[in-house]
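Computed from the coordinates by the stated procedures, all read-outs in this text should not be read as laboratory data. All values derive from a computational prediction rather than experimental measurement. Backbone-built Cβ (ideal geometry, glycine too); neighbour counts: all protein chains shown.
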Amino acid sequence: MDPQEPPKKRIAVIPGDGIGQEVIPQALKVIRASGADVAMSEFDWGADRYLRDGMTVPPDGFAMLGRDFDAIFAGAFGDPRVKTNIHAKEILLGMRFKMDLYANVRPVRLLDAALCPLKGVEPKDVDFVVIRENTEGVYTDAGGVFKQGTPDEIAIQEDINTRKGVERIIRYAFEYCEQHPKLDGSSRSRVLMVDKSNAMTHAGGLWQRMFKEVSGEHPQITAQHMYVDALCMQMVRDPRPFDVIVTNNMFGDIITDLAAGLQGGLGMAASGNIHPGKTSMFEPVHGSAPPIAGKNVANPFGAILTAAMMLAHMGLTREAEKIEAAVREAVRQKKTTQDIGGTLGTREAGEWVAERVTKRLSS
Ligand code: ATP
């Protein structure tokens, strides 16, 4: 290897369960077609492995991922045969929490007007991003159940918000706003913090104070605030004003499913779980979707767009752009799965995009 050449990027691939095992191979095909100079190693962590030998994550698993890889590309976790869902929690939440991947970045982009259920909305009208706090909130599972199974049962689910956690996610949102232009090349200019501080005053108060403090350091960015209920209504009435949205773990989870609806459904949505400077993990927003698993009907575009996001994160922006352009063309020509109006299967849709990427490379 030429000593001047940057080292090959290393990607750990964990397809996981259900449709994860169908969509990830399509995304890998597209990555290879893009000519990206990456080395990919596959891991079989998931329900099959757990049911076979009880392993969810090997003892040094997270340390190994952080040490030996530049990025992790994950499918989906969850299988009806594992009633407790313990493997999904240990693998997926394990990566997010133990590797401290605190910023869950979910771009919301409409690739074609036909995919949006709203009347008169064009691709230029839907190009925003949701930055979801990923390591705190109610998903830490702090709390407990007392007197379970009796009429006096009490269930407590704590909402954990630390100053460090809230400050860093808000800071990340402002930095993202400065560094990531829109699809049409124009700059982003607004950060909207979403909470429910009128009802949840303790946690909301901390978010409000941190938002004021950090926004004061970025006077060129317009700082805005909305309650989460009002945001939901606005999102389906008119998504045009949104740019960068920052919010907590649970609100982010919920509003990004709603936002996925604006871009063609769960099969179209990409995400990254990021800690700047550390090995980050990229996964489609959808889950393992057991009802449609194994039928070659799952939409692979969310996974393929996630692959593009991962390549861009590692600096392979040309390859990422080629992939995104090919997916946009597939949507335009209806070379898609049925959920977004096409007639192709998972494999055939993936194949079409891979061929398109290869053609663009050779033309
Ligand atoms: P999780 O709890 O892991 O987020 P979930 O049960 O909430 O998962 P999903 O597994 O993502 O949700 O899927 C819910 C439904 O959405 C699926 O049953 C399926 O109908 C649809 N869906 C999700 N992903 C896709 C996809 N890639 N292609 C087509 N349909 C999809």
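Structural remarks
- Partners of Lys98 within straight-line reach, counting lysines whose Cα lies under 27 Å from its Cα and excluding those fewer than 8 residues away in the same chain: Lys8, Lys9, Lys83, Lys89, Lys164, Lys278.
- Contact order relative to length of the chain, as percent, for alpha carbon pairs under 8 angstrom and 6 or more apart: 24 percent
- Between Lys124 and Val145, the modelled labels are 5.4 nm apart [label points 7 Å from Cα along Cα→Cβ].
- Fraction of antiparallel bridges per DSSP, the chain only, in percent to nearest 5: 40 percent
- Mean separation of Cα contacts under 8 Å, 6 or more apart, over the residue count of region 91-202: relative contact order %: 20 percent
- A Förster radius of 25 Å, combined with the Cβ-Cβ distance separating Lys295 from Ile154, puts the computed FRET efficiency at roughly 0.05.
- The alpha carbon gyration tensor of region 1-75 gives principal lengths a ≥ b ≥ c with a/c of 1.5 or higher and a/b no greater than b/c, which makes the shape oblate.
- Full extension of the chain between Glu42 and Lys278 yields a length gain of 83.0 nm, computed as 0.36 nm times the residue separation minus the alpha carbon distance.
- Of every Cα-Cα pair in region 121-229, the percent that sits beyond 22 Å: 44 percent
- DSSP beta bridges in region 1-87 [antiparallel fraction, %, rounded to 5]: 0 percent
- Between Gly35, Ile11, Val57, the Cα set farthest toward the positive side of the dipole of region 2-117 (charges on each charged residue's Cβ, about the Cα centre) is that of Val57.
- Its Cα gyration tensor gives region 78-181 an equivalent ellipsoid, and the semi-axes of that ellipsoid, as √(5λ) in whole Å with the largest first, are 34, 21, 15.
- Largest-first ellipsoid semi-axes for the chain, taking √(5λ) over the Cα gyration tensor eigenvalues, angstrom: 30, 26, 22
- Packing-based ranking, highest mean first, of 179-186, 299-306, 85-92, 208-215 given that Cβ atoms within 10 Å are counted: 299-306, 85-92, 208-215, 179-186
- Inter-label distance, Ser189 to Arg318: 3.3 nm, where each label sits 7 Å from its Cα along the C-beta direction.
- Computed label-point distance, nm, for sites Lys83 and Ala63 using a 7 Å Cα→Cβ extension: 3.5 nm
- Between Ala113 and Asp257, the C-beta separation translates, for a Förster distance of 30 Å, into a calculated FRET efficiency of about 0.90.
- Share antiparallel - DSSP beta bridges, region 179-331, percent rounded to 5: 30 percent
- Its relative contact order, with pairs defined as Cα atoms under 8 Å and 6+ residues apart, puts region 43-158 at 18 percent.
- Gyration tensor (alpha-carbon) shape descriptor, region 153-292, a/c threshold 1.5: rounded
- Gyration tensor verdict on region 255-363 (Cα atoms; rounded if a/c is under 1.5, prolate if a/b is larger than b/c, oblate otherwise): oblate
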